[in-house]
Amino acid sequence: MKYFIIFALCTSAFAGAAQAEEFVVTMSGADYSPASVTASLGDTIRFVNDDGFDHNVFVPTASHALDLGKQEPGAEATLVLRTPGVFDVECVFHGNMQMKVEVSS
Amino acid sequence: MKRTAIALALSATAGTVVMAGPDEVKLPQDYQKNFVNYLDVDRFDRKRVRRMYVNPEALEAATKGQPLPDGTILIMEDHDAMLGADETLQFDDNGRLIPQDAVGNIFVMEKNAAWSTDNENWDYAWYGADGKPSTSEFAKTMDGCFACHANRTERDYTFTFWKFVEDQSG
């Protein structure tokens with residue numbers, strides 16, 4: 001019985017940790033793909049520059065604003081979603097390269 | 001050299017010729033008190049928070065839907081972010097980086113109708129925490145600022161300000 005309880009607690013803890021989801025966004029052709037992500041608090045987005053040019057992840061939306069820095073071809077950057085709400089993502093170098101992220105609590 | 005053309009402007013009152021050009025972008029006194037801190041940008045890769053300020057006259061004009069007026073000043077102020085004992089970034093209850101009080105670099109961009117630059121009427125300057133102009137190679141031309149801000153001509157060369165105004169107006 002004691003072992004069952006311990007097992008159940010461990011399972012529950014791992015289940016909680018496993019709820020965080022990772023989304024992958026690529027950048028080839030100077031486009032974020034997918035162009036929108038709907039996620040939950042604690043999820044992550046891994047931005048992969050699979051293009052031949054420098055790109056980056058820049059968020060100009062108030063209360064969410066951030067910059068992950070320049071990503072050279074082949075580079076990756078991961079954003080942990082810590083703030084609920086909707087925000088826009090732009091590439092500093094390519095103004096038309098945009099996407100939207102919605103984070104639910 | 002991005003500040004190639006030196007504009008001439010006639011003063012309407014005195015009729016004198018005013019020449020504007022390099023090194024004309026000053027650091028406004030007491031901007032932390034007199035300007036509006038409209039946005040903070042978490043710069044994860046540099047472990048910094050960048051605090052954005054605008055002069056109130058420009059904010060008022062933009063909020064009314066008018067173009068940014070002559071004399072608009074935007075300031076970007078660097079603060080190191082709070083780190084934990086293991087040098088990892090610390091976050092507040094809203095999931096945002098926590099800026100330390102000390103100011104680092106201060107970048108200023110100013111719009112002046114008497115200036116003509118590669119970015120129309122905008123020019124840039126870099127100041128240290130002591131308020132003195134940076135003596136770095138970058139600061140001699142500010143080419144990096146000109147080049148990067150040129151990617152936002154549709155927002156009058158601003159990355160965050162017009163986006164902020166648009167978002168506020170819904």
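The values are calculated or read from the model by the stated rules, or taken from the named source; none is laboratory data. Everything quoted here is computed from the prediction, not taken from an experiment. Counting neighbours? That spans all protein chains shown, and the Cβs are built from the backbone with ideal geometry, glycine included.
Determine which member of the set B:Ile98, B:Ile106 is farther than 27 Å from B:Arg155 by Cβ and either surrounded by fewer than 18 Cβ atoms within 10 Å (Cβ to Cβ) or in contact (Cβ under 8 Å) with a residue 60 or more places away in the chain (or both). Break it down stepwise before answering.
Numbers: B:Ile106 fails: farther than 27 Å from B:Arg155 by Cβ.
Of the residues listed, the single one that is farther than 27 Å from B:Arg155 by Cβ and either surrounded by fewer than 18 Cβ atoms within 10 Å (Cβ to Cβ) or in contact (Cβ under 8 Å) with a residue 60 or more places away in the chain (or both) is B:Ile98.
Can you report the number of residues in segment A:53-104 which are over 17 Å from B:Phe91 (Cα atoms) and polar (S, T, N, Q)?
6
Is it the case, given these coordinates, that B:Asp167 is of a type in the set (D, E, K, R) and assigned to a helix (DSSP H, G or I)?
Details: of a type in the set (D, E, K, R): yes; assigned to a helix (DSSP H, G or I): yes.
Yes; evaluated as a whole, the condition is true for this residue.
Quick one: how many residues across segment A:71-103 are in a strand (DSSP E or B) and within 13 Å of the chain's Cα centre (by Cα)?
Taking segment A:71-103 first, the residues in a strand (DSSP E or B) are A:71, A:76-80, A:85-90, A:98-103.
Checking which are within 13 Å of the chain's Cα centre (by Cα) leaves us with A:76-80, A:86-89, A:99-103.
The number of residues fulfilling the criteria is 14.
Of everything in segment B:46-58 that's out of contact with any Ser or Thr (no Cβ under 9 Å at 6 or more places or on another chain) and either farther than 19 Å from A:Gly69 by Cβ or exposed (fewer than 12 other Cβ atoms within 10 Å of the Cβ) (or both), which residue is farthest from the other protein chains (Cβ to nearest Cβ)?
For segment B:46-58, the residue satisfying everything is B:Pro56.
What's the total number of residues in segment B:67-95 that are part of a loop (DSSP other than H, G, I, E, B) and either surrounded by 17 or more Cβ atoms within 10 Å (Cβ to Cβ) or of a type outside the set (D, E, K, R) (or both)?
Taking segment B:67-95 as the starting set, the residues that turn out to be part of a loop (DSSP other than H, G, I, E, B) are B:67-72, B:82, B:84-88, B:90, B:92-95.
Then keep just the ones that are either surrounded by 17 or more Cβ atoms within 10 Å (Cβ to Cβ) or of a type outside the set (D, E, K, R) (or both); that gives B:67-69, B:71-72, B:82, B:84-85, B:88, B:90, B:94-95.
Of the residues in segment B:67-95, 12 are part of a loop (DSSP other than H, G, I, E, B) and either surrounded by 17 or more Cβ atoms within 10 Å (Cβ to Cβ) or of a type outside the set (D, E, K, R) (or both).
Conditions tested, residue by residue: (1) at pLDDT 95 or above; (2) small (Gly, Ala, Ser).
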residue	(1), (2)
A:Gln19	no, no
A:Glu22	yes, no
A:Ser33	yes, yes
A:Ala39	yes, yes
A:Leu81	yes, no
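Quick one: in segment A:63-104, which of the residues that are surrounded by fewer than 18 Cβ atoms within 10 Å (Cβ to Cβ) and small (Gly, Ala, Ser) is farthest from the other protein chains (Cβ to nearest Cβ)?
The residue in question is A:Gly74.
Would you say A:Thr11 is modelled with pLDDT of 95 or more and farther than 21 Å from B:Arg50 by Cα? Can you show your working first?
Details: modelled with pLDDT of 95 or more: no; farther than 21 Å from B:Arg50 by Cα: yes.
The answer is no for A:Thr11.
Step by step: first the residues of segment B:117-161, then only those that are farther than 22 Å from B:Leu39 by Cβ and assigned to a strand (DSSP E or B), then the one that is farthest from the other protein chains (Cβ to nearest Cβ). Which residue is that?
Step by step, filter segment B:117-161, then rank; the result is B:Pro133.
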